[in-house]
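Encoded as structure tokens, the structure appears first; notes follow it.
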Amino acid sequence: MMKILKKTIIYIVLVASISFLLPRLIPGSPFFFSHSDMYVLNTMMPEDSFKSFVQYYHPDKPVPEQFLVYLKDLLNFDLGRSFYYKLPVAELLTGCLGWTIFLSFVSIGISSGIGIPLGLFYAVRKGGKRTVWLNVFTGLNSVPVIVIAIVMQMLLSYKFDLFPSSGAYTPGISVSDPGWILDVIGHAILPLWVLVLAELPPIFILTYNTCSRTKNQPFVEMAKYLNIQEHVINYKYILKNTLPEILSKINIQFLYAISGVLFVEVVFSYPGIGTLLKTAACSRDYPLLQGILLVTGIYGIVINLIFELIIKRLNPRVKA
């Protein structure tokens, strides 16, 4: 347990260091200007943005001293001020992160809830249909999530008008309104559908392959010889023994899903980190980009920590 926590702390420090250094290594960014060139930066951005930039990043100080100030600000949850929105970066990320977490967790939950039992079912089933489904999911797995999102939006939103084409809720409706939750669910159905279509194939293929290998193991053959019920063999002997491996791969899939969620948010103008990232990139809002890099990196580390603890609990022999 302590080893996992120590490793997680090291990862967080590395992500914080990368988020500090990366904007300063990009030519043309505000961090790239030397102290003697600061007047040029002052003419490139509004006066209030320039002042907030100087007050937060201290470009006149040496880089090691800037890093210490940056770490101190991080401990106070101060991520600077956005050039574009003229608001604190932490406030913007707090408002958007919940929507991204909602899409990520729900889509992975649905994909795992369908893909794992389905992969197990076709792995232990005899006949040619299992190969057909494997080929279908393999083909679907090769389609980029952004292509699925655009096609689904064009067909189900624009052509047939079955689902909202953008946003997380109808403009003008508030949390206090009685129909707010249903409205949010209605807007989330299509983005979640897209994400499930993108995340379900690799989970199904992974479960199918691991269970197909495990079902031929000697202990499974012995269970069949002892006339143990088939559903007991499937879940207690096959699935239970492959679950740590499946979860370790779903952990990686979860991290990949973050990027998929960002693309889907951009297509559907969903108010999550993806839409915020698009705005930050288009407006060259480097403080906001730096904050997004830091938050998404820590988000991935936390997800990895959760899965490691779950796998460790399921299989104590696994070394963290």
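The values are calculated or read from the model by the stated rules, or taken from the named source; none is laboratory data. None of the values given here were measured: they were computed from a predicted structure. No Cβ is skipped: glycine too gets one built from the backbone with ideal geometry, and neighbour counts run over all protein chains shown. All accessible areas refer to the heavy atoms of the entire protein, side chains included, with ligands and DNA or RNA removed. Shrake-Rupley method; radii C 1.70, N 1.55, O 1.52, S 1.80 Å.
Below are the figures for this structure:
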| quantity | calculated |
| --- | --- |
| Close pairs from region 132-155: first within 22 Å of HIS187 (Cα to Cα), partner assigned to a helix (DSSP H, G or I) and not hydrophobic (A, V, I, L, M, F, W, C), Cβ under 8 Å, at least 6 apart | VAL145/GLY260; ALA149/PRO191 |
| Options THR94, THR100; residue that is part of a helix (DSSP H, G or I), within 30 Å of ILE298 (Cα to Cα) and open to solvent by 70 Å² or more (accessible area, probe 1.4 Å) | THR94 |
| Options ASP60, ASP48, ASP37: the member that is at pLDDT 65 or above, more than 19 Å from GLY297 (Cβ to Cβ), more than 24 Å from the chain's Cα centre (by Cα) and not in a loop (DSSP other than H, G, I, E, B) | ASP48 |
| Tally of residues being among the hydrophobic types (A, V, I, L, M, F, W, C), open to solvent by less than 50 Å² (accessible area, probe 1.4 Å) and not in a loop (DSSP other than H, G, I, E, B) across region 173-196 | 7 |
| Some residue of region 260-283 being buried (at least 20 other Cβ atoms within 10 Å of the Cβ), in contact with a Gly (Cβ under 6 Å, 6 or more places away or on another chain) and closer than 24 Å to ILE150 by Cα | yes |
| Given (1) surrounded by fewer than 19 Cβ atoms within 10 Å (Cβ to Cβ); (2) without any contact (Cβ under 8 Å) to a residue 24 or more places away in the chain; (3) aliphatic (A, V, I, L, M), index of the condition LEU255 fails | (2) |
| Scope region 53-62; condition surrounded by 13 or more Cβ atoms within 10 Å (Cβ to Cβ) and in contact (Cβ under 8 Å) with a residue 12 or more places away in the chain; matching residues | PHE53, VAL54, TYR56, TYR57, PRO59 |
| Residue, least open to solvent (accessible area, probe 1.4 Å), within region 81-91, restricted to residues that are at pLDDT 90 or above and of a type in the set (A, V, I, L, M) | VAL89 |
| Residues satisfying the stated conditions in region 118-172, i.e. touching a Phe, Trp or Tyr at 6+ places or on another chain (Cβ under 6 Å) and not in a helix (DSSP H, G or I) | SER166, ALA168 |
| From the options ILE246, ILE238, residue that is open to solvent by less than 30 Å² (accessible area, probe 1.4 Å), more than 27 Å from SER157 (Cβ to Cβ) and modelled with pLDDT under 90 | ILE246 |
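The rows are residues; the columns are (1) at pLDDT 80 or above; (2) in contact with a Leu (Cβ under 8 Å, 6 or more places away or on another chain); (3) on the phi > 0 side of the Ramachandran plot; (4) among the aliphatic types (A, V, I, L, M).
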| site | (1), (2), (3), (4) |
| --- | --- |
| GLY28 | no, no, yes, no |
| THR43 | no, no, no, no |
| LEU68 | yes, no, no, yes |
| LEU71 | yes, no, no, yes |
| PHE102 | yes, no, no, no |
| VAL106 | yes, yes, no, yes |
